[in-house]
Every structure is written in structure tokens, then in C-alpha cells.
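The values are calculated or read from the model by the stated rules, or taken from the named source; none is laboratory data. Note that this is a predicted model, so its numbers are computed, not measured. Here the Cβ positions follow ideal geometry from the backbone for every residue, glycine too, while neighbour counts run over all protein chains shown. Each accessible area value is taken on the protein alone, full model and side chains, heavy atoms only, with ligands, DNA and RNA left out. Shrake-Rupley method; radii C 1.70, N 1.55, O 1.52, S 1.80 Å.
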Amino acid sequence: MKSDPIRCPEQKLTVKIATGNQFAFEELHRLYFNRLCKFAFLFLKSKEMSEEAVSDVFFNVWMKRMQLKSVKNIRSYLYTAVRHQAIDYLRSQKSYPQDNINAYELEITSPEPSAHDTVERDDFRQLLQHAFDELPERCRMISRMYFNDQLEYKEIASILDISRKTAEAQIAIAVRKVKEMFEKYGWNR
């Protein structure tokens, strides 16, 4: 029995995009645009510039779609491209308006909650957001990539050009500091 060399749905999209399938491109855009904007925001601190950077990346992906045939992991490819685009934006801009750090907040999803659960979830979300905001910038970035975007350590390491051990250590620091913050405020649920 022969296994399918294209296992993940994103890889199937990549193959379709490389052949010019616009619907596949739109699906990839739908899957990643918001996540990538949140990631770009970690560098650019501007929602508008983040969205512009991600739009530029998607424009380039479509324009150079034939090159996608050689891309093994489209998720890592997109995050790396956004990182480079954000750095290019930072280099080209002397100064620009920066948004509040919470322009893109942490995402917590769950099934339909009751009114009591909603209040508790909002309290939890506020405390968690506060804890993440207190983290050093690099630690916050790596943690959001891990928890929000569900990237693996090796993907984070590749995207940010750091070692896997550094990514693991930063996640451990984030977990410890968040736990300390929750204990400090008596949240022990």
C-alpha cells in the first residue's frame, strides 16, 4: 500500500496554488491571514502595518506561486516570510505610530459558555493577557507563537532563527511567570 506523499491539508493547498488554483489561495489566505497579522504585530506594533506586511507576503506568494512546489512546510514558510517583511518594514520606516500592545489579544476558544462561565472566562482571559503582557518581548513573541499559533518548537526556532532549546526555554519561562502571576492573584482553578 502506497502512502500519500502530501499528507497535510496545507500541503495540498500549496500544490494547488502552485498550479494557479485561486480558490486554494483564498483558502490559505483565510486560514493564515489573521494569525500572521498577530505575528507581524509582535514586530511592528502597528495593526495597520501588520496587515499591510501580511498582505504583501500573500501578494508575493501568489505572484511567485510556481516556487511553492519546493516548499515543504507552508506554515513555516509564511511565518518566516512575514518575519522578513516586518523587519524590512522596520528598516525602511524611521518612525510610525504604534498601537496599544493589546491590539491583537490572546485567543481563548471554547464551546458556548454559561453566563457564570463567561464571567470567569473573561477574568481568566484578562489575567492571562496581563501575565503575557508582563513577559519580556522575545519571550512573549515565542509564547504567542507556541500557544496561539500552535507552532512547534522547531518551527519557532526556524522562523526566528534561534535554537530549538532557546524556544523551549522561553516557553518554560513564560509558563513559570504566568503560573506565578496566577498564584499572586489567587487564581488557582
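If you go through the stretch 97-104 one residue at a time, do you hit one that is at pLDDT below 85 and of a type in the set (Gly, Ala, Ser)? Give the steps one after another, and end with the answer.
The first filter runs over the stretch 97-104 and keeps only residues at pLDDT below 85, leaving 97-104.
From what's left, of a type in the set (Gly, Ala, Ser): 103.
Yes, there is a match, as at least one residue in the stretch 97-104 is at pLDDT below 85 and of a type in the set (Gly, Ala, Ser).
Quick test of your reading of the structure: residue 20 fulfils all but one of (1) modelled with pLDDT of 90 or more; (2) open to solvent by 50 Å² or more (accessible area, probe 1.4 Å); (3) part of a loop (DSSP other than H, G, I, E, B). Name the failing condition by number.
Residue 20 satisfies every listed condition except (2).
For a quick check of your reading of the model, give me the residue pairs whose first member lies in the stretch 162-183 and is within 15 Å of residue 128 (Cα to Cα), whose second is open to solvent by less than 50 Å² (accessible area, probe 1.4 Å) and basic (Lys, Arg), with beta-carbon atoms closer than 8 Å and at least 6 apart or on different chains.
Pairs found: 174/140.
All but one of (1) modelled with pLDDT of 85 or more; (2) open to solvent by less than 50 Å² (accessible area, probe 1.4 Å); (3) among the hydroxyl-bearing types (Ser, Thr, Tyr) hold for residue 118; state the number of the condition that does not hold.
(1)
Does residue 85 satisfy the criteria of being at pLDDT 65 or above, surrounded by fewer than 13 Cβ atoms within 10 Å (Cβ to Cβ) and either under 16 Å from residue 37 (Cβ atoms) or polar (S, T, N, Q) (or both)? Walk me through how you get there before you give the answer.
Details: at pLDDT 65 or above: yes; surrounded by fewer than 13 Cβ atoms within 10 Å (Cβ to Cβ): no; either under 16 Å from residue 37 (Cβ atoms) or polar (S, T, N, Q) (or both): yes.
For residue 85, the condition - at pLDDT 65 or above, surrounded by fewer than 13 Cβ atoms within 10 Å (Cβ to Cβ) and either under 16 Å from residue 37 (Cβ atoms) or polar (S, T, N, Q) (or both) - is not met.
Kindly provide the set of residues from the stretch 122-151 that are within 21 Å of residue 83 (Cβ to Cβ), more than 11 Å from the chain's Cα centre (by Cα) and loosely packed, with under 15 Cβ neighbours inside 10 Å, ordered by number. Full working, then the answer.
Of the residues in the stretch 122-151, the ones within 21 Å of residue 83 (Cβ to Cβ) are 132, 135-151.
Filter once more, keeping what is more than 11 Å from the chain's Cα centre (by Cα): 132, 135-140.
Those that are within 21 Å of residue 83 (Cβ to Cβ), more than 11 Å from the chain's Cα centre (by Cα) and loosely packed, with under 15 Cβ neighbours inside 10 Å: 136, 137, 138.
Is it fair to say residue 166 is surrounded by 15 or more Cβ atoms within 10 Å (Cβ to Cβ), under 13 Å from the mean Cα position of the chain (by Cα) and either within 17 Å of residue 54 (Cβ to Cβ) or modelled with pLDDT of 70 or more (or both)?
On the way: surrounded by 15 or more Cβ atoms within 10 Å (Cβ to Cβ): yes; under 13 Å from the mean Cα position of the chain (by Cα): no; either within 17 Å of residue 54 (Cβ to Cβ) or modelled with pLDDT of 70 or more (or both): yes.
In short, no.
In the stretch 30-48, what residues are crowded, with 19+ Cβ neighbours inside 10 Å and assigned to a helix (DSSP H, G or I)?
Residues satisfying the conditions are 32, 35, 36, 37, 38, 39, 40, 41, 42, 43, 44.
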